[in-house]
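Worksheet: one structure, shown below.
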């Protein structure tokens, strides 16, 4: 055996030992039959899913256990996102995350409440001292819930590398708790001619083909012949399956072969949060936005540097330059080694390739780009685009808004970070400019408040993708505060208020009793804000005055007052 081969086998051996140690060290965070509603790397809106979603039997308050010895390094409380969450650092160099919880263990809950009153905020991010909350493997730390941006009761569980907080696939650590013999399922193929360089079936636009299945579930051959010439890319729509579950999951490992040559492979075992928006280059973004359908591209755009690619030839682009059959094959594999192989043929046939038309606003992915007009400005910093494109802008007058309506490109284009958008007011005569904001006008005609700040006779705001219609609107209506059965507050031991806003949304609120901060809890899924009577902070047998204030995104403020005896 030569030295190179010896080093390779040694690296593989060490990798297998490392994976074995991981799987022996960590345990499941639940003690019920393990079942997943989502896996690691699953495709989501603007991000990859960063952990495993454990089913909790469609209910809350299932005990949650520490997956390994360690200490609580971070605690989160938020009405959105992870809701109630715990982070535990472990001696092995990993951090486990437990999210969408309903409650913490008593000692942690007491600490959180103290900090919320100290910071006078329901939403907090806390970093306890290293030795404050040490935990043992299998120790109960919380109860499961449905808090934050959760679509139903479950536990979101992550394993991160502590030094950089990159999420890793938890199946690398606890995969042994599941049994899975089901292979992935292919749903469709897409063919993408490169503009000015390729063509598919005599057209320059993408071609999408759904893949049908037999009664036994086997994928059938393509129902449409594909003829191509020049340079093209290919994409696949596919999902994974698991034993005993009806859910669909993300596919971990994708390979594309052309005439038995591997030209593309991607594998999602880890990523960094700072690059998670690059999912919008990993997928066909326009198809996702237009038809809510995930096609995964098997080619890499120049502005995409996700660390999930390996063994890619010519960035995954395929040159069809011979009049012959190009025998292609997708191999889709899950964590457990279940593989679906799907062969298909692209027939090379000479066709006219349409030249690229002249472009007035050409934008390069690696340069600063801007469009400047008397009533509109768009500035996109360099490396915010994933590929070059020709920007098109249109505007129409409007009597319903305080500016013209601007169509910022006719089709969706993702941005890796953000761009700055400025729109001019029709007439800069309003007394309260702070009530102004930019809205996005949906296809239904309804508008969604984005916000922004007054600047030089207009409003400026950041946007994270192109393809929408934008205009300036105004919000002069303050939030509405409705007390819910105040006559029962004292007997029930809690104050409940319903808070809503018709346009710009609630941005801040504050409750006070007798001039002192009162902790109101809330969750994004409900308009109800709740205060639980606290005997340690509220004197008994006296009259108290509640004052609750709320502010929206256009600086409108409401106040509610109520006097009660407790």
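Checked across segment 346-360, the condition of being more than 30 Å from residue 419 (Cα to Cα), surrounded by 14 or more Cβ atoms within 10 Å (Cβ to Cβ) and touching a helix residue (DSSP H, G or I) at 6+ places or on another chain (Cβ under 6 Å) holds for no residue. Residues in segment 313-326 that are touching a strand residue (DSSP E or B) at 6+ places or on another chain (Cβ under 6 Å) and in contact (Cβ under 8 Å) with a residue 24 or more places away in the chain: 313, 316, 317, 318, 319, 320, 322, 323, 324, 326. The residues of segment 247-263 that are crowded, with 21+ Cβ neighbours inside 10 Å and more than 25 Å from the chain's Cα centre (by Cα), listed by number, are 256, 263.
Among the residues of segment 366-387, are any in a loop (DSSP other than H, G, I, E, B), touching a residue at least 12 places away in the same chain (Cβ under 8 Å), in contact with a helix residue (DSSP H, G or I) (Cβ under 9 Å, 6 or more places away or on another chain) and closer than 30 Å to residue 169 by Cα? Yes. Scanning segment 323-334 for any residue that is over 17 Å from residue 200 (Cβ atoms) and assigned to a loop (DSSP other than H, G, I, E, B) turns up at least one such residue. Of all the listed residues (549, 510), the sole one being in the same structural domain as residue 491 (by TED's automatic domain parsing), more than 30 Å from residue 151 (Cβ to Cβ), modelled with pLDDT of 95 or more and part of a strand (DSSP E or B) is 549.
Scanning segment 123-145 for residues that are on the phi < 0 side of the Ramachandran plot, surrounded by fewer than 20 Cβ atoms within 10 Å (Cβ to Cβ) and in a loop (DSSP other than H, G, I, E, B) returns 123, 127, 128, 129, 130, 131, 132, 136, 137, 139.
Each row is one residue, and each column tells you yes or no for (1) crowded, with 22+ Cβ neighbours inside 10 Å; (2) in contact with a strand residue (DSSP E or B) (Cβ under 6 Å, 6 or more places away or on another chain); (3) in a helix (DSSP H, G or I).
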site	(1), (2), (3)
231	no, yes, no
235	yes, yes, no
242	no, no, no
245	no, no, no
276	no, yes, yes
290	no, no, yes
305	no, no, no
311	no, yes, no
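Against the list (1) part of a strand (DSSP E or B); (2) touching a strand residue (DSSP E or B) at 6+ places or on another chain (Cβ under 6 Å); (3) surrounded by 14 or more Cβ atoms within 10 Å (Cβ to Cβ), the condition residue 517 fails is (2).
Kindly indicate whether residue 370 is touching a strand residue (DSSP E or B) at 6+ places or on another chain (Cβ under 9 Å) and within 27 Å of residue 269 (Cβ to Cβ). Taking the combined requirement at face value, the residue does not satisfy it. Can residue 450 be described as touching a strand residue (DSSP E or B) at 6+ places or on another chain (Cβ under 9 Å), over 25 Å from residue 394 (Cβ atoms), crowded, with 19+ Cβ neighbours inside 10 Å and at pLDDT 95 or above? Judged against the criteria, residue 450 is not a match.
Just one of (1) closer than 20 Å to residue 250 by Cα; (2) surrounded by 17 or more Cβ atoms within 10 Å (Cβ to Cβ) fails for residue 316. It is (1). When restricted to residues that are in a strand (DSSP E or B) and either assigned by TED's automatic domain parsing to the domain that holds residue 145 or touching a helix residue (DSSP H, G or I) at 6+ places or on another chain (Cβ under 9 Å) (or both), segment 522-545 contains 1. When segment 520-562 is filtered for residues that are within 38 Å of the chain's Cα centre (by Cα), within 27 Å of residue 475 (Cα to Cα) and exposed (fewer than 14 other Cβ atoms within 10 Å of the Cβ), the ones remaining, listed by number, are 526, 557, 559. Only residues that are in contact with a helix residue (DSSP H, G or I) (Cβ under 8 Å, 6 or more places away or on another chain) and either under 25 Å from residue 511 (Cα atoms) or outside the structural domain of residue 74 (by TED's automatic domain parsing) (or both) were counted across segment 114-145, and they come to 3. Given the structure, is residue 496 modelled with pLDDT of 95 or more, surrounded by fewer than 15 Cβ atoms within 10 Å (Cβ to Cβ) and either assigned to a loop (DSSP other than H, G, I, E, B) or out of contact with any helix residue (DSSP H, G or I) (no Cβ under 7 Å at 6 or more places or on another chain) (or both)? When the stated conditions are applied, residue 496 does not pass them.
Among residues that are over 29 Å from residue 124 (Cα atoms) and out of contact with any helix residue (DSSP H, G or I) (no Cβ under 8 Å at 6 or more places or on another chain), residue 463 is not included.
Residue 76 meets the stated requirement of being in a strand (DSSP E or B), farther than 22 Å from residue 32 by Cα and out of contact with any helix residue (DSSP H, G or I) (no Cβ under 6 Å at 6 or more places or on another chain).
In segment 44-71, of all residues being out of contact with any strand residue (DSSP E or B) (no Cβ under 6 Å at 6 or more places or on another chain) and in a strand (DSSP E or B), the one that is surrounded by the most Cβ atoms within 10 Å (Cβ to Cβ) corresponds to 48. Set side by side, the residues 494, 469, 455 differ, and just one is farther than 30 Å from residue 565 by Cα and more than 28 Å from the chain's Cα centre (by Cα), which is 455. When residue 401 is tested against (1) surrounded by 13 or more Cβ atoms within 10 Å (Cβ to Cβ); (2) assigned to a strand (DSSP E or B), only condition (2) is not met. The single residue among 87, 111 that is part of a strand (DSSP E or B) and more than 25 Å from residue 507 (Cα to Cα) turns out to be 87.
When 321, 325, 334 are checked against the criterion of being assigned by TED's automatic domain parsing to the domain that holds residue 235, out of contact with any helix residue (DSSP H, G or I) (no Cβ under 8 Å at 6 or more places or on another chain) and buried (at least 17 other Cβ atoms within 10 Å of the Cβ), a single residue qualifies: 334.
The values are calculated or read from the model by the stated rules, or taken from the named source; none is laboratory data. All values reported here derive from a predicted model rather than from experimental measurement. Positions of Cβ are generated from backbone atoms using ideal geometry, with glycine treated the same way; all protein chains shown enter the neighbour counts.
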